[in-house]
Every structure is written in structure tokens, then in C-alpha cells.
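Worksheet: one structure, shown below.
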Amino acid sequence: MIIRLIFPYILLALIVLAYLYIRRLQLGPVLLKVNRILFSRYNADSFLLIMIIIAVSYFLSRFDLQNMPVATDATIFGPYVHLFFYGGLILTVIAREAEKPALREKGVSTPRGFWKWNEISSYRWSKNTVTLSINRPGKKRAETWQVKAMDKKEIDSLLKKMIPKRTRRSRNKI
């Protein structure tokens with residue numbers, strides 16, 4: 001009975017640990033954590049994702065509570081056990097989205113994914129905002145962070161060092 005109640009939490013913890021392990025395995029140790037400005041227009045999609053998960057969790061928990069039989073074998077824990085799972089899920093997503101991007105030994109990790117240095121074709125600055133151009137086979141995207149002014153020089157020097165230089169001929173192939 002207790003295993004049935006804690007199984008969703010164990011599964012959630014295993015998924016989070018597997019994600020962290022795979023990211024570490026593919027990209028290596030952290031060279032620099034980027035102190036991005038969290039509440040900016042570049043993170044609006046992260047806040048939208050959090051709001052969607054909160055809304056879905058609310059409706060799923062109401063659905064679970066309405067469809068729960070009156071007499072269950074988990075009555076000692078109460079009918080609100082599902083709310084703890086959805087609360088844990090929401091906190092996990094918030095922690096992931098609030099995570100600082102990291103420049104790593106073999107690539108870049110952000111809340112939205114991780115990319116190896118050879119997948120990053122270029123970067124550009126606009127005041128204190130850096131935009132990385134990412135080219136994966138069949139998919140191009142940009143990752144944008146607004147950073148603190150005092151960290152700009154250090155981030156720029158590390159990006160210059162790690163992003164592979166391309167000749168004009170190799171740029172045309174991409």
C-alpha cells in the first residue's frame with residue numbers, strides 16, 4: 001500500500017536523476033554558470049509552461065478527487081495524496097526552468113536542452129543579451145539570455161574559445 005503511494009515520487013526522482021546524469025555524461029563538468037536575468041521577456045515561454053502545468057495539475061487533481069471511491073485502502077493518508085504529487089511535479093518544473101544556463105566542457109546546457117559546441121554555429125551580442133545560433137540536423141534554433149553586465153566579458157571570452165571557428169566554405173555547407 002505505501003509503495004503504491006510513493007511510486008509516483010520515486011518515478012519523478014528517477015526521471016530527474018536520469019536527466020542530470022545524461023546531461024553530465026554528454027557535456028562534461030561546468031566551466032561557467034551564466035548569471036542570466038530570470039524575469040525577462042526571453043523567459044516568457046518558461047513562465048507559460050509553468051502556468052500550463054499548474055492549470056493541468058489543478059484539473060487532474062480535481063478529476064482524481066471526484067473519481068476516488070469513498071472507501072479506499074489509503075484513507076489513513078487522506079484523499080489529497082494526489083495533490084502532493086502534482087505539487088512536487090510543479091516544483092520540479094519550476095526548479096528546471098529557473099536553472100541557470102551553464103557553459104560546460106563539451107557544450108552548453110540550458111533549461112530548454114543541451115547542445116555540443118560543434119552544434120553552435122555562432123553567437124552575437126546585443127547590449128547585455130547573447131543569442132546563440134544552434135544548428136542541429138534538420139532543425140535550427142536560437143537560445144537567448146539576458147545576462148548581467150559584469151559577466152558579459154567572461155562569457156564572451158569563453159564563447160570565443162569554445163565555439164569552433166568556421167571558414168567561409170564550411171559556413172555555406174551548414
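See the values below:
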quantity: Residue in the range 110-121 that is surrounded by 15 or more Cβ atoms within 10 Å (Cβ to Cβ), assigned to a strand (DSSP E or B) and of a type in the set (A, V, I, L, M) present; calculated: yes
quantity: In the range 123-166, residue nearest to the chain's Cα centre (by Cα) [restricted to those that are of a type in the set (Ser, Thr, Tyr) and within 23 Å of Arg23 (Cβ to Cβ)]; calculated: Thr144
quantity: Which numbered condition Trp117 fails, given (1) under 16 Å from Ile53 (Cβ atoms); (2) at pLDDT 85 or above; calculated: (1)
quantity: Considering residues of the range 132-174 that are of a type in the set (Val, Ile, Thr) and at pLDDT 85 or above only, the residue surrounded by the most Cβ atoms within 10 Å (Cβ to Cβ); calculated: Ile155
quantity: Enumeration of residues in the range 1-35 that are part of a loop (DSSP other than H, G, I, E, B), surrounded by 11 or more Cβ atoms within 10 Å (Cβ to Cβ) and among the aliphatic types (A, V, I, L, M); calculated: Val34
quantity: Filter pass, Ser57 being touching a Leu at 6+ places or on another chain (Cβ under 6 Å), modelled with pLDDT of 70 or more, more than 20 Å from Ala18 (Cα to Cα) and hydroxyl-bearing (Ser, Thr, Tyr); calculated: no
quantity: Qualifying residue in the range 84-93 (condition: surrounded by 15 or more Cβ atoms within 10 Å (Cβ to Cβ), closer than 30 Å to Leu31 by Cβ, modelled with pLDDT of 75 or more and not hydrophobic (A, V, I, L, M, F, W, C)); calculated: yes
quantity: Which numbered condition Leu103 fails, given (1) under 20 Å from Asp45 (Cα atoms); (2) crowded, with 16+ Cβ neighbours inside 10 Å; calculated: (1)
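The values are calculated or read from the model by the stated rules, or taken from the named source; none is laboratory data. The shown structure was predicted, so the numbers you read here are calculated from the model rather than taken from an experiment. Glycine also receives a Cβ, built like all others from the backbone with ideal geometry; neighbour counts cover every protein chain displayed.
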